[in-house]
Each structure stands twice: as C-alpha cells, then as structure tokens.
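K.L.:
My questions will all concern the structure given below.
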Amino acid sequence: MRILVVDDETLAREFLAEQLAGIAGVELIGQAANGFEAVKLAEALAPDLMLLDVQMPKLSGFEVLELLGGRAPAVVFITAFDEFALRAFEVHAVDYLLKPVEPARLAGAVERAAERLKSRVPGPSAQALAATARPPGRTLERVLIREEGRVHVLPAERIDFVEAQDDYLCFVSGGRRQRKQQTMAEIEAQLDQSRFVRIHRSFLLNVERLARIEPYAKDSWLAILTDGSKLPVSRTGYSRLKELIG
Amino acid sequence: MHPIIAHRERLLLYLAVWLAFGALLAAVIAFGSESTFARAAVYAVPLALLLGLQSLSCWYLVKAMPPEETPIARFVSTWLGTGIVSLALWMAAALGWEWVLRTSIGTAFAGQDAARLTSLLLFAGVVGLLVAVLGHYMLAAFERSGRAERRALESLVFARESELRSLRGQLDPHFLFNSLNSVAALIGTDAQAARRMCFLMAGFFRKSLGLGGQQSIALAEEISLAETFLAIEEVRFGERLRKRFEVTDEALLLAVPPLVLQPLVENAVHHGVAHLVDGGEIIVRARHRDGRLEIAVENPCDPDRPASRGAGVGLANVRSRIETLFGNRGSVDVEAAPTTYRVSIVLPASTAAG
C-alpha cells in the first residue's frame with residue numbers, strides 16, 4: 001500500500017515514517033508539510049492512503065479532502081485533541097488516530113484502510129464531515145475554489161452573492177466570478193444564515209450588499225446591490241428578506 | 001442577632017434617643033399642670049425607656065415581614081395587632097406607675113387630670129411605637145444593602161480566584177498531547193532530546209502549578225514560564241517558531257499577577273505562528289516607564305485566516321483580571337493588523353512582594 005503522510009510538524013512526520021517502516025506491505029511515497037502540498041502530492045502521486053493531520057496552516061485536513069474531491073485516496077485523520085472533529089469522525093464512521101500515535105493503532109488503521117480499498121467503500125463527503133466538525137454556532141468562514149489547478153480562498157464576508165448555474169455555483173465577489181461544483185442547498189446550509197439569504201431559487205444574497213428592493217412585477221421584486229447589480233427576488237425570497245431585515 | 005442589642009454604642013445611642021423622648025413627654029405633662037418638670041420627668045423618663053425596650057422586640061417582626069415580600073393585608077393586620085397590644089401594655093404600665101407614685105409619695109407627678117394624661121400617653125405611645133418600627137425597617141434596609149455590597153465584593157474576589165484556578169487547570173490539551181507526540185517521536189531518533197523535552201515539560205507544569213495561591217509574582221518568573229513554554233513548542237515546530245525577548249532588567253523585578261503573560265504567548269503560537277507555513281518570530285517586550293510596567297506580545301499572523309474566536313478566551317481572561325485588579329490604572333490593548341497581531345498590557349509598576 002502506498003501512503004502519503006501530511007503533517008505540518010517535521011517531528012510528527014518523522015515519527016509516522018519511522019512507524020510505517022515497521023509495517024509490512026507499506027510504502028511511504030511522500031510527505032507533505034501543509035495543505036497545499038498535500039493536494040499537489042496527492043494528485044501527482046495518487047497514493048492509496050493519506051495520513052492526514054486535521055490542524056494545519058492555510059488548509060485544514062478537511063479542506064484538503066474537500067479540494068481533492070472525487071480523487072481523494074482513503075484517509076485516516078490524525079489529531080491531538082479536537083472534540084468536535086472526533087465527533088464528526090464518529091458520526092461519519094471515519095477512521096482516525098490520536099497523537100501521540102501508537103504503533104499498534106497505526107498498524108490497525110492501515111489494515112482497515114486496506115480492507116476498505118479492496119471493498120471500494122466510498123469515503124465520506126468532505127463537506128459533510130467538515131460541517132459536523134464545526135463547533136456549534138459556527139458557520140462556514142471561507143470557501144475554497146479551484147481554478148485551473150490553483151486554489152483560491154474566499155472569505156465568506158467577501159462574497160456578494162452566489163448564483164446557481166446548471167450543476168455548479170458561481171461565487172461573485174467584487175465583480176469577480178468564480179465557479180465551484182457544489183449545490184445551492186449545501187452552501188446555503190453552511191454559510192451564516194443571518195447574513196446570507198436565498199432570495200431566489202438561483203440566488204443566495206449577502207444582505208450586507210443590499211441597497212434597496214424595488215417591485216418588478218406581480219409577486220416579483222428586484223434586489224439592487226450596493227454596486228448597482230440587480231438580482232431577481234421571488235415571493236418566498238421577499239418574505240425571507242423581510243423576516244431578516246424587518 | 002439584634003443589630004442594636006449586639007452593639008453597646010448603638011444600644012446607648014438608642015436609649016439616649018428614648019431619654020430625649022421621655023424629657024419631651026415630661027415637658028408636655030408639666031406644661032399646663034400643677035406638676036413641675038422635674039417631677040414629670042421622674043414619672044415620664046422610666047416610661048419612655050420602657051417603651052424603648054419594648055420596641056426593640058419589633059426587630060423580629062421587621063425581619064419576618066420584609067415590606068416588599070409581605071402581602072399588604074397581612075402586613076397591616078400584624079402591625080396593627082402588635083401595635084395595639086404593645087400600646088395597651090405600655091398604657092397599663094404607665095397608669096399603674098402613676099398610681100404607684102401618687103399613692104406612695106402623694107405628690108402630683110403627672111398632673112391631676114386623668115383624662116388629659118390618658119390621651120397624652122396614648123398619643124405619645126402611638127408616635128413612639130411608629131417611629132421605632134420605621135427606624136427598625138430603615139436599619140434592616142441598611143443592613144441588607146451592606147450585605148449585598150459585601151456579597152458582591154466577595155463574589156468578585158471568588159470569581160477572580162476561580163478564574164485563576166481554571167487558568168491553571170486549563171493545561172491546553174493540544175499542547176499536552178502534541179508535546180507527548182514529540183517526545184514519542186524523539187525517543188526513536190534522539191533519546192537525549194527526548195529526555196530534555198521531558199525535563200522541559202516537567203518544568204513547565206511545575207512552574208504553572210506553583211503559581212498557585214500567589215497574588216503577584218515577579219515578571220522574571222512569568223518570563224521564565226514563557227521561555228520554557230516556547231522551548232517546548234520549538235521542539236515541535238522546529239525552525240518555524242522563532243522568539244525574541246526584549247525585557248529590561250529593571251522590568252524583571254516588577255510585580256505582575258500570575259499568568260498574565262503566558263496566555264498571550266500561547267495565543268501567539270497557536271493562533272499566529274502555527275498558521276503560517278513558514279512560521280514567524282514571537283516578540284515579548286517589557287519595560288518600566290513613567291511608573292508603569294508595559295508588556296507587549298507580538299506575533300505575525302496569516303492575513304487570510306478568518307478572525308479566530310478561540311483566541312478570545314485567554315485574552316478575555318487576562319483582560320478581565322487586569323480590570324478587576326487595577327481598574328483604570330491598568331489596560332489591555334489589541335492591535336490586529338493584517339499580518340501582525342500585538343497585545344499590550346500596562347500595569348502600575350510595583351516591586352514584587354515575593
């Protein structure tokens with residue numbers, strides 16, 4: 001089995017490497033010291049298994065998994081202590097290891113991963129996992145978008161609105177449009193609902209960008225944003241807006 | 001315990017008031033009768049003192065019936081009943097006393113007009129009892145507000161202590177497990193370093209526990225704790241974690257409340273340097289200037305990182321402790337620029353008591 005180790009601490013990576021060397025049938029094919037490197041290496045090397053630290057600079061382990069999408073290998077998460085992450089692992093039946101990592105447990109996790117690979121059990125949805133791991137009352141703080149191999153981090157408060165187009169979403173921020181494969185229902189549930197309102201089947205609006213609302217036709221309105229752009233507002237969207245801003 | 005009987009000086013003052021009441025009563029009795037003031041006083045002063053002593057017992061009713069919690073009907077009927085009984089007893093004693101004086105000595109002490117005396121006594125008794133009850137209610141109110149103040153003060157002190165206790169108990173689990181992971185890793189590759197790490201951890205935990213019941217410590221101790229902490233984190237983060245201490249010798253001797261620096265240094269690592277791929281340098285500054293101790297902790301941070309709410313706990317704790325301990329003589333300020341984060345503390349400078 002070909003394994004990729006991802007941890008921002010050199011010592012922690014060396015420790016895993018040392019332990020993996022003692023497990024038969026295992027080959028350590030690479031080490032990544034941060035999330036970006038992990039995404040790059042995972043795509044370049046196509047490992048069977050990724051030992052993935054949850055807390056890392058720039059990108060968390062969950063975000064690495066999200067960016068890899070369907071190309072993600074089997075994953076075993078590693079964390080020192082994070083009660084919410086642990087709960088998410090339990091809820092989604094995801095394998096994980098606790099630091100300090102014990103050799104017997106690592107060997108067990110590798111063995112289970114091999115079985116999962118054989119039976120081709122699909123991995124969990126990275127976004128569902130990240131959503132469960134978020135402490136209660138906390139909403140999505142940034143959206144990760146990949147464009148032509150590059151990763152953009154878009155802080156939630158910088159989003160003007162989100163538009164649904166066919167099977168992807170368009171995140172609009174300061175006139176710039178970035179596309180991401182995701183459903184409207186998903187992103188609506190993850191973002192702060194006191195800030196983002198579904199004003200229309202295809203539009204999710206950051207209410208802080210709203211300048212005014214104008215009637216358009218019977219049972220439909222236009223939302224005029226601070227930058228002048230106009231978005232359609234449906235009847236339910238209108239009542240949602242009213243409820244939020246009064 | 002009765003608030004008047006329990007204090008000698010209060011009891012004397014109380015009786016003095018009733019003495020004056022007796023004198024006033026004597027003057028009224030003497031006025032327009034054949035009795036002299038001196039004789040009327042011999043009659044009236046003991047009666048006034050009797051009424052005073054009798055009125056002391058109303059304290060227990062005052063305690064039993066706080067005006068804001070007692071139904072009005074019960075309040076009125078109880079006081080009316082008690083008042084009538086007390087008044088009747090006192091009047092009986094007064095008239096009896098008059099009879100005793102008149103029959104034994106034979107001179108008019110309270111004038112010759114029985115009807116006038118009775119109405120005078122009735123009036124004096126009602127006024128005396130009313131004033132006594134009101135006085136006791138006022139006393140109860142004073143006592144209650146004093147107690148509330150004391151309780152507020154006690155709870156403040158208690159809150160401060162429990163905060164400190166919880167700070168000490170708050171040995172960050174992340175820190176503990178990650179450090180243990182480093183030790184486990186080092187044992188395989190560098191046993192000497194693993195051993196050093198164990199000593200550092202022991203030193204850190206011992207120091208932070210030792211800050212126990214202390215009110216204030218020398219800044220030097222707090223700096224030494226921070227140095228140990230950073231030495232442990234350096235093992236884990238390697239070259240990504242760099243540190244610089246700019247602390248004047250003079251400042252080292254000044255007093256600080258325990259654990260005001262440590263939470264800030266922890267934040268600088270966990271919310272600052274740990275989120276940077278290439279790490280960064282943590283700067284701790286302290287100096288003595290214009291009678292004040294100025295401490296600052298500065299760290300680089302990731303501009304893309306959303307505002308972390310986790311950083312708030314340790315900082316809020318430090319802030320509230322500085323506020324309760326020093327009021328407006330101390331301050332905690334935060335400067336959050338996109339790529340640097342700095343917390344500055346100012347305290348009145350005083351040398352550590354040890």
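Rule-based calculations on the coordinates, nothing more; no lab input. Predicted, not measured: the structure shown is a model, and the values here were computed from it. Ideal geometry is used to build each Cβ from the backbone, glycine not excepted, and the neighbour counts take in all protein chains shown.
K.L.:
For chain B, with equal point scatterers placed on the C-alpha atoms only and solvent neglected, what are the log10 I(q)/I(0) values from the Debye formula at q = 0.06, 0.10, 0.11 1/Å, to two decimals?
P.N.:
-0.49, -0.71, -0.79
K.L.:
Filter the cross-link list A:58/B:243; A:58/A:99; A:99/A:180; A:58/B:207; A:99/B:207; A:58/A:118 down to pairs whose alpha-carbon distance in this structure exceeds 26 Å.
P.N.:
With Cα atoms farther than 26 Å apart: A:99/A:180; A:58/B:207; A:58/A:118.
K.L.:
Can you grab the distance from the C-alpha centre of segment A:165-234 to the C-alpha centre of segment B:39-99, Å, no decimals?
P.N.:
Each part's Cα centre sits 78 Å from the other's.
K.L.:
Which order do B:295, B:187, A:145 fall in if you start with the one that has the fewest other Cβ atoms within 10 Å?
P.N.:
Ascending number of Cβ neighbours within 10 Å: B:187, A:145, B:295.
K.L.:
Taking every pair of Cα atoms in segment B:170-348, average 1/r, invert it to obtain the Kirkwood radius, and report Rg/Rh to two decimals.
P.N.:
My calculation puts Rg/Rh at 0.97.
K.L.:
Mind checking the log10 I(q)/I(0) for segment B:206-264 at q = 0.15, 0.16, 0.19 Å⁻¹? Debye, one equal scatterer per Cα, no solvent, two decimals.
P.N.:
Normalising to I(0) and taking log10 leaves -0.48, -0.54, -0.72.
K.L.:
Let me ask something else. List the residues of segment A:92-134 whose backbone N lies under 11 Å from a point placed 7 Å from the Cα of residue A:144 along the Cα-to-Cβ direction.
P.N.:
Flagged as within label range: A:126-127, A:130.
K.L.:
Further question: Consider just the alpha-carbon atoms of segment A:1-110 and return their Rg together with their Dmax, both in angstrom.
P.N.:
12.6, 34
K.L.:
Determine the relative contact order of segment A:118-173: mean sequence separation of Cα pairs under 8 Å and six or more apart, normalised by residue count, in whole percent.
P.N.:
19
K.L.:
Among all the aspartates and glutamates, which ones have a C-alpha under 16 Å from residue A:242's C-alpha, if same-chain residues fewer than 8 places away are not counted?
P.N.:
Answer for residue A:242, where 16 Å is the Cα cut-off: A:208, A:214, A:219, listed by chain and number.
K.L.:
Count, for each residue of A:8-21, the Cβ atoms from other chains sitting within 10 Å of its Cβ, then give me the mean as a whole number.
P.N.:
Averaged over the peptide's residues, the number is 5.
K.L.:
Here's another thing I want to ask about it. Please compute the contact order of segment A:145-245 in relative form: average sequence separation of alpha-carbon pairs under 8 Å and at least six residues apart, divided by the residue count, as a percent.
P.N.:
Working: 164 pairs, mean separation 18.7, N = 101.
Reported relative contact order: 18 percent.
K.L.:
Using only C-alpha atoms and all pairs of different ones, pull out the Kirkwood radius for chain A in Å with one decimal.
P.N.:
Values: mean 1/r = 0.0505 Å⁻¹.
After inverting the mean inverse Cα-Cα distance, the result is 19.8 Å.
K.L.:
Using Cα atoms only, what is the angle between the long axis of helix A:103-119 and the major principal axis of chain A, expressed in degrees (0 to 90) to the nearest 10?
P.N.:
Relative to chain A, helix A:103-119 is tipped by roughly 60 degrees.
K.L.:
Still on this structure, I have one more. May I ask for the net charge around residue B:189, where only other residues with Cβ less than 9 Å from the Cβ of residue B:189 are counted and Lys, Arg are +1 while Asp, Glu are -1? If you can, show how the numbers build up before the last one.
P.N.:
Working: positive: none; negative: A:14, A:18, B:190.
With Lys, Arg at +1 and Asp, Glu at -1, the neighbours total -3.
K.L.:
Along the three principal axes, how long is the protein assembly as shown when you take its alpha carbons, biggest first, rounded to the nearest angstrom?
P.N.:
Taking the Cα atoms of the protein assembly as shown, the three principal extents are 126, 78, 52 Å.
K.L.:
Per residue of A:78-90, count partner chain C-beta atoms within 10 Å of its C-beta, then hand back the mean as an integer. Spell out each step's value before the answer.
P.N.:
Working: counts 1, 3, 10, 7, 2, 1, 0, 0, 0, 0, 0, 0, 0.
Going residue by residue through A:78-90 and averaging, the value is 2.
K.L.:
Compute the helix-to-body angle for B:311-326: its Cα long axis versus the longest principal axis of chain B, expressed 0 to 90° and rounded to tens.
P.N.:
Helix B:311-326 sits at roughly 40 degrees to that axis.
K.L.:
A further question on this structure: Once you charge only the Cβ atoms, +1 for Lys and Arg and -1 for Asp and Glu, what is the size of the charge dipole of segment A:145-245 about its Cα centre, to the nearest 20 debye?
P.N.:
That gives segment A:145-245 a dipole magnitude of about 160 debye.
K.L.:
List residues of segment A:196-215, by number, whose backbone nitrogen lies under 15 Å from a label position 7 Å along Cα→C-beta of residue A:245.
P.N.:
In segment A:196-215, the label zone of residue A:245 (backbone N under 15 Å from the point 7 Å along Cα→Cβ) covers A:196-200, A:204-215.
K.L.:
May I ask you to order A:212-218, A:14-20, A:149-155 by the average number of other C-beta atoms within 10 Å around their residues, highest value first?
P.N.:
Details: A:212-218: 10.6, A:14-20: 20.1, A:149-155: 13.6.
Peptide ranking by packing, descending: A:14-20, A:149-155, A:212-218.
K.L.:
Report the full-extension gain for the segment residue A:208 to residue A:87: residue separation times 0.36 nm, less the Cα-Cα distance, to one decimal in nm.
P.N.:
The residue A:208-residue A:87 span can extend by a further 40.2 nm.
K.L.:
Another question about this same structure. Can you pull the mean other chain C-beta count within 10 Å for peptide B:118-126?
P.N.:
Shielding by partners across B:118-126 averages 0.
K.L.:
Residues with beta-carbon under 15 Å from that of residue B:66, excluding residue B:66: net charge, scoring Lys, Arg +1 and Asp, Glu -1?
P.N.:
Around residue B:66, the surrounding residues sum to +1.
K.L.:
Just to check I understand the Karplus step: with θ = phi - 60° and J = 6.51 cos²θ - 1.76 cosθ + 1.60, what whole-Hz values come out for segment A:17-33, glycine and proline as x?
P.N.:
With coefficients 6.51, -1.76 and 1.60, one gets 4, 4, 5, 5, 4, x, 9, 5, x, 10, 10, 7, 9, x, 10, 10, 9 Hz.
K.L.:
Continuing with the same structure: Using alpha carbons only, how many angstrom separate the centre of segment B:111-145 from the centre of segment A:118-156?
P.N.:
So the two Cα centres are separated by 80 Å.
K.L.:
Also: Put +1 on the Cβ of every Lys and Arg and -1 on every Asp and Glu Cβ in chain A; which of A:113, A:67, A:46 then has its Cα farthest towards the positive end of the dipole?
P.N.:
In chain A, that residue is A:67.
K.L.:
Tell me the angle of helix B:173-189 to the major Cα principal axis of chain B, expressed in degrees between 0 and 90 and rounded to the nearest ten.
P.N.:
30
K.L.:
Listed highest first by mean packing, meaning other Cβ atoms within 10 Å per residue, what order do B:224-235, B:323-334, A:125-136 come in?
P.N.:
Taking the mean over residues of other Cβ atoms within 10 Å, the ranking is B:224-235, A:125-136, B:323-334.
K.L.:
What is the sum of charges, Lys and Arg at +1 and Asp and Glu at -1, for the other residues whose Cβ falls under 13 Å from the Cβ of residue B:179?
P.N.:
-2
K.L.:
Continuing with this model, one more query. Considering only B:324, B:313, B:245, whose Cα is most displaced toward the positive end of the charge dipole of the protein assembly as shown, charges sitting on Cβ of Lys, Arg (+1) and Asp, Glu (-1)?
P.N.:
Towards the positive end, the residue furthest out is B:324.
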